[in-house]
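The values are calculated or read from the model by the stated rules, or taken from the named source; none is laboratory data. As the structure is a prediction and not an experimental result, all values here were calculated from the model. Cβ coordinates were reconstructed from backbone atoms using ideal geometry, including for glycine residues, and neighbour counts include every protein chain displayed.
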Amino acid sequence: MAGNVDALFIFLVILSGLMTLLIFSALVYFAARYRHRKGVLAEQIEGSTPLELTWSIIPLGVFMVIFVWGALVYFQQRTPARDATEVYVVAKQWMWKLEHAEGQREINSLHVPVGRNVKLIMTSQDVIHSFFVPEFRIKQDVLPGRYTVAWFQATKPGTYHLFCAEYCGTQHSGMIGSIVVMEPAQYEAWMSGGSNGPLSATGEKIFAELGCVTCHRSDSQGRGPNLQGVFGKPVQLEDGRMITADENYVRESILDPGAKMVKGFKPVMPTFQGLVSEEQLNSLVAYVKSLSDSVGARPRSASISAPNSAPDQAQPQGSKVQ
Amino acid sequence: MATATVPQVERENYLNKEYGVGSWLLTTDHKRIALLYLLSITFFFFIGGFFALLIRLELLTPAGDLVQADTYNKLFTMHGQVMVFFFLIPSIPAVLGNFLIPLMVGAKDLAFPRINLLSWYLFIIAGIMMMHCMLTGGVDTGWTFYTPFSTAFSNTKVIEAGLAIFVSGFSSILTGLNFVVTIHRMRAPGMTWSRLPIFVWSHYATSIIQILGTPVIAITLVLVVAERALHLGIFDPKLGGDPLLFQHLFWFYSHPAVYIMILPSMGVVTEIIPCFSRKRVFGYTFVAMASIAIAVFGFLVWAHHMFVAGISVYAALIFSLLSYSVAVPSAIKVFNWTATLYKGSIHYDAPMLYAFGFVGLFTMGGLTGLFLAALGIDVHVTDTYFVVAHFHYIMVGGAVMGYLGGMHFWWPKISGKLYPEGWARLAALIVFIGFNLTFFPQFVLGYLGMPRRYYQYPPEYQVLNVLSTAGATVLAVGYLLPMVYFLWSMRYGKPAPDNPWKAAGLEWTVQSPPTTFNFPEQPVVTWEAYNYDEIDKGHKQEAQVVG
């Protein structure tokens, strides 16, 4: 995927190089050829509509090629692979906190194996940050109050820069880290180190501790909707709209339960705003996701829905490395 | 090519008619107000330039060693705010536009002379607020004021800076309003729309943006102040707001604001190139309409600043597509300027060198804009030095080059004195070389991944940063030179003839410097714009008899 970005970039470098050459040589040639000479008057030319049309329509055509090409690359960047391993990212002034679905936690570094698709589900505790890995050609702003998504696939072992690309205060330039890409065997060894168990299991514990389980019962007799198999599926709302239950919907339903009520239920759920940390929220989301996963152990989401009813809500985005 | 006779005794003109501070501070003469603006924006240009030099010095080494991180963050914030709101936006319109538009359309003054003075006072009040803000601690949000950092996290003087820019916005709106009314209502008999210099067309387009766009940034800044001071939840998700709403509102003005900076510069260049090619501008109608098209399309592309901000895929697609629609009229202009040279009779005086520089740098700035509008590439290079380089090519390479070209071209008219031509050509060359040395390496830095607004950076980026800093020192010399010789020429320069360039246009038919009411009697226009054939064949314009 980095290769796709580079191919378009090189195409544009060549194209704009040629354009610059064309304009500059015309300027230099005219300036020399038509240099003022005594007694020679300029020849007045009114203009030329055919010429104007030519140099409007041809550039427009070229621009459309660039547009379509750029859009195709962008679609790829923003459509995470279905089989991607998930990593939850919480950004704060001025560090990156990363949590693997398997439960490993890291700060300012992320270990990933070669050749696996990795999906980042990101949110911020304070201001806007941006997750930028130049080597992978990915960048996605990380916003407070919602999830944004990026993805990549690393192809070569090594250590790569992770930068914060959205200005976030004093230590903005210190909010850097590294992506450590390992051979699968090494990675498995690394993963077998300390872990608190899978994220979804942590989520299940919190789900019980907070008493969610009393209403969201798995037998559909509770006061809240049964969450089995809900994630990734369309949900009918009280106001008639259909939306897809994605990460942002689960998140919103925990923090602002009244915002998008499921049809047939009463707004009786209290808000958990301020009662759960971003990390706990991530675990809860991971747990709700795992309920839609027949295999269970390692939750893997269905691809996040296409842009839906709320056009400016965070949408999935990502990219993979060639 | 300076010719024509110069009167021995100094005639009465707008400069020597009255003396004393009061005659300046209470003037309603558009030409004197233009000079008041010239002094004020030159002051801010050097303040902003000083910040830029400190930034470049800090970036000479990868470690943060010259200033503190917080100081650095304030430096790039205030560099941006001062340069954008207190130099670039007023620059050509408030100085050259103010001075020239009444002269070019054949009017005694702008439509609302007192409002014109008011707009300068608003600018000065805003400037004092900004200076006070900077001297008592400054602000560190970046010139973009992104929320919720600006409303809930920054400990600096956000409210004061926001209010300063709010006030300066009214100055900008009033200037635009004055230009629109003047261009509609005050044209001399015979000065039809199709006979207007392109400079006037460009300012008309600019004024539309100033009038329609500026209120939006004003409201946005008021909302920032309201959220920061009163904790109204507008942009901060913790208070139930939406941070992307801020970005939409901010860029709805701040993208068109780029065209407030570049359109007047295009206007200047479209006066200079025909004059020094002794030709009518190629494709007058297309060049004029391209200005209007840029102003209109410019309002439809703002979210291309937000491709990675969290907008939907479909919104991104639409804004990418629309961004290319602005590129077409920009390309039309570049081709027409080039075509104007064809079969001309070309002179290489300093204004023309600046115009060449403008076309070159604007072309490169425009072409790199094509990269940024391409979604897949923008994801990688946005928020890196690639963007920094791109917009400096447009706003400094383009806008400032045009501004300096215009200052040289009309300096004889403004001051009544000739500047030293040799020095001026040298300065044009130094600016061009210094500019490219400063900003070209930044394109490469950006593609290699160096994020913007970084106080310290990984060592592999050092070589390119050193090149850039070296360029900045050359550029500083290039900018200081004109200030020195313009000042010098006011005292020691040769008196300027009324029309040293044998240029077309009503402003050259009056004496240098002009009298307070510009025209001794109502001019009547019977010729087309850029009638260089008639001038060079010795047909005198009727109004020249008067001068």
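If you check A:ASP83, A:ASP6 for being within 30 Å of A:GLU247 (Cβ to Cβ), acidic (Asp, Glu) and more than 8 Å from chain B (Cβ to nearest Cβ), only one passes: A:ASP83.
Of the residues making up segment A:107-123, those that are part of a strand (DSSP E or B) and touching a helix residue (DSSP H, G or I) at 6+ places or on another chain (Cβ under 8 Å) are A:HIS111, A:VAL112, A:PRO113, A:ILE121, A:THR123. When restricted to residues that are out of contact with any Gly (no Cβ under 7 Å at 6 or more places or on another chain) and crowded, with 24+ Cβ neighbours inside 10 Å, segment B:78-97 contains 10.
Return yes when A:LYS119 is more than 14 Å from every other protein chain (Cβ to nearest Cβ), within 14 Å of A:PHE131 (Cβ to Cβ) and in contact with a Phe, Trp or Tyr (Cβ under 7 Å, 6 or more places away or on another chain) and no when it is not. Spelling it out, A:LYS119 is indeed more than 14 Å from every other protein chain (Cβ to nearest Cβ), within 14 Å of A:PHE131 (Cβ to Cβ) and in contact with a Phe, Trp or Tyr (Cβ under 7 Å, 6 or more places away or on another chain).
Within segment A:14-32, can one find any residue that is closer than 29 Å to A:VAL149 by Cβ and either surrounded by fewer than 18 Cβ atoms within 10 Å (Cβ to Cβ) or modelled with pLDDT of 95 or more (or both)?
No, segment A:14-32 has no match at all.
Of the residues A:GLY222, A:GLY194, A:GLY211, the single one that is at pLDDT below 95, away from chain B (no Cβ under 14 Å) and closer than 28 Å to B:LEU239 by Cβ is A:GLY211. For A:CYS168, the conditions (1) out of contact with any helix residue (DSSP H, G or I) (no Cβ under 6 Å at 6 or more places or on another chain); (2) in a strand (DSSP E or B); (3) within 30 Å of B:THR144 (Cβ to Cβ) are fulfilled apart from (2).
Considering A:ALA31, A:ALA26, the condition of being within 21 Å of B:ALA355 (Cα to Cα), facing chain B (nearest Cβ under 8 Å), assigned to a helix (DSSP H, G or I) and in contact with a strand residue (DSSP E or B) (Cβ under 6 Å, 6 or more places away or on another chain) is satisfied by A:ALA31 alone.
Looking only at segment B:320-341, decide whether some residue is over 30 Å from A:ALA7 (Cα atoms) and within 18 Å of the chain's Cα centre (by Cα).
For segment B:320-341, residues over 30 Å from A:ALA7 (Cα atoms) and within 18 Å of the chain's Cα centre (by Cα): absent.
Among the residues of segment B:191-247, those identified as among the β-branched types (Val, Ile, Thr) and closer than 15 Å to B:GLY162 by Cβ are B:THR214, B:VAL216, B:ILE217, B:ILE219, B:THR220, B:VAL222, B:VAL224, B:VAL225, B:ILE234. When segment A:75-88 is filtered for residues that are of a type in the set (S, T, N, Q) and assigned to a helix (DSSP H, G or I), the ones remaining, listed by number, are A:GLN76, A:GLN77. The set of residues in segment B:63-77 being surrounded by fewer than 18 Cβ atoms within 10 Å (Cβ to Cβ) and of a type in the set (D, E, K, R) consists of B:ASP65, B:ASP70.
Could you grab me the full set of residues in segment A:194-217 that are of a type in the set (S, T, N, Q) and either in a helix (DSSP H, G or I) or within 20 Å of A:GLU247 (Cα to Cα) (or both)? Within segment A:194-217, A:SER200, A:THR202, A:THR214 meet the criteria. Screening B:TYR419 on (1) under 23 Å from B:PHE443 (Cβ atoms); (2) more than 8 Å from chain A (Cβ to nearest Cβ) shows it passes everything except condition (1). Tell me, please, whether a residue that is among the charged types (D, E, K, R), over 25 Å from B:ASP378 (Cα atoms) and free of Cβ contacts under 8 Å to residues at least 40 places away in the same chain can be found in segment A:44-60. There is at least one residue in segment A:44-60 that is among the charged types (D, E, K, R), over 25 Å from B:ASP378 (Cα atoms) and free of Cβ contacts under 8 Å to residues at least 40 places away in the same chain. Screening B:LYS343, B:LYS413 for residues that are in contact with an Asp or Glu (Cβ under 8 Å, 6 or more places away or on another chain), of a type in the set (D, E, K, R) and modelled with pLDDT of 95 or more leaves exactly one candidate, B:LYS413. Filter segment A:34-50 down to the residues that are of a type in the set (Lys, Arg) and assigned to a loop (DSSP other than H, G, I, E, B) and list them by number. Passing the criteria: A:ARG37, A:LYS38.
Scanning segment B:208-226 for residues that are buried (at least 22 other Cβ atoms within 10 Å of the Cβ) and out of contact with any Leu (no Cβ under 7 Å at 6 or more places or on another chain) yields a count of 8. Of all positions in segment A:51-74, none carries a residue that is surrounded by fewer than 20 Cβ atoms within 10 Å (Cβ to Cβ), within 11 Å of chain B (Cβ to nearest Cβ) and part of a loop (DSSP other than H, G, I, E, B). Scanning segment A:190-199 turns up one or more residues that are touching a His at 6+ places or on another chain (Cβ under 7 Å) and more than 30 Å from B:ASP383 (Cβ to Cβ).
Per the conditions (1) crowded, with 24+ Cβ neighbours inside 10 Å; (2) in contact with an Asp or Glu (Cβ under 8 Å, 6 or more places away or on another chain); (3) within 23 Å of A:TYR187 (Cβ to Cβ), the sole criterion not satisfied by A:ILE128 is (3). Checking each residue in segment B:283-325 for being in contact with a Pro (Cβ under 7 Å, 6 or more places away or on another chain) and facing chain A (nearest Cβ under 7 Å) picks out B:SER312, B:VAL313, B:TYR314, B:ALA315. Taken over segment B:347-358, the criterion of being surrounded by fewer than 23 Cβ atoms within 10 Å (Cβ to Cβ) and facing another protein chain (nearest Cβ under 7 Å) is satisfied by B:HIS347 alone. Filter segment B:105-140 down to the residues that are farther than 27 Å from B:ASP29 by Cβ and touching a Gly at 6+ places or on another chain (Cβ under 9 Å), then identify the one that is surrounded by the most Cβ atoms within 10 Å (Cβ to Cβ). Ranking the candidates gives B:ASP140 first.
In summary, helices (runs of 4 or more DSSP H) completely within segment B:49-157 and bearing 3 or more residues that are within 14 Å of chain A (Cβ to nearest Cβ) occur at B:69-81.
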